[in-house]
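Here the structure is laid out as structure tokens; the discussion comes afterwards.
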Amino acid sequence: MDSMKLFWCAALAATALSAQTFSGAAALDEVINQAIEQGRMPGAVLLVGHEGKVVYRKAYGKRALVPRPEAMTLDTVFDCASLTKVVATTSSLMKLFEEGRFRLGDKITGQEREARDITVVFIQNSECGAFVSRGFVRM
């Protein structure tokens, strides 16, 4: 989640700092490089646009650490699947919650027997370890 906050801060700073010429490059470089040095993220790609034109773009750090380190490139493709819960699922659930259709502590029912004690909050907090296919089971 920290890397998402960093991303949005960088995007906001880039928007605020961009004008006819992009003078915020050094400040953004510093923030992103500091986050990489602190181990908060392995790398990033930054693109700043202004009035329909790209005014700055740069790749930082590594795009892969295992099985061997690989440098980040401007054409690196990112997996944004982890944003689904934050953007889509949480918004949809909160709309249903506002309508009184469920409570956050409600148990998930009608599924396999093993899921009988899982609540909505439990799933939203990524505590159920639903990524069995990747071997991240934590129940």
Practice task
Under 12 Å from the Cβ of Leu47, count the other residues' Cβ atoms, weight Lys and Arg +1, Asp and Glu -1, and hand me the total.
Solution key: +2
Handout entry: Total formal charge among the other residues, if their Cβ is under 15 angstrom from that of Phe22, Lys/Arg +1 and Asp/Glu -1
Key = 0
Handout entry: Residue-by-residue Karplus 3J(HN,Hα) for segment 47-57, coefficients 6.51, -1.76, 1.60, Hz, glycine and proline x
Key = 10, 10, x, 8, 6, x, 10, 6, 9, 6, 8
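Between Thr90 and Ala64, 0.36 nm times their residue separation minus their Cα-Cα distance comes to what?
Numbers: separation 26, 0.36 × 26 = 9.36 nm, distance 2.89 nm.
Result for the pair: 6.5 nm of gain on full extension.
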Practice task
Would you pull out the residues with amide H under 5 Å of Ile118's amide H, same chain only if 5 or more places away, H placed 1.01 Å from N?
Solution key: Ile108
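Since every read-out is calculated from the coordinates, none of them should be taken as a lab result. This structure is a prediction, so every number in the text was calculated from the model and none was measured. Cβ coordinates were reconstructed from backbone atoms using ideal geometry, including for glycine residues, and neighbour counts include every protein chain displayed.
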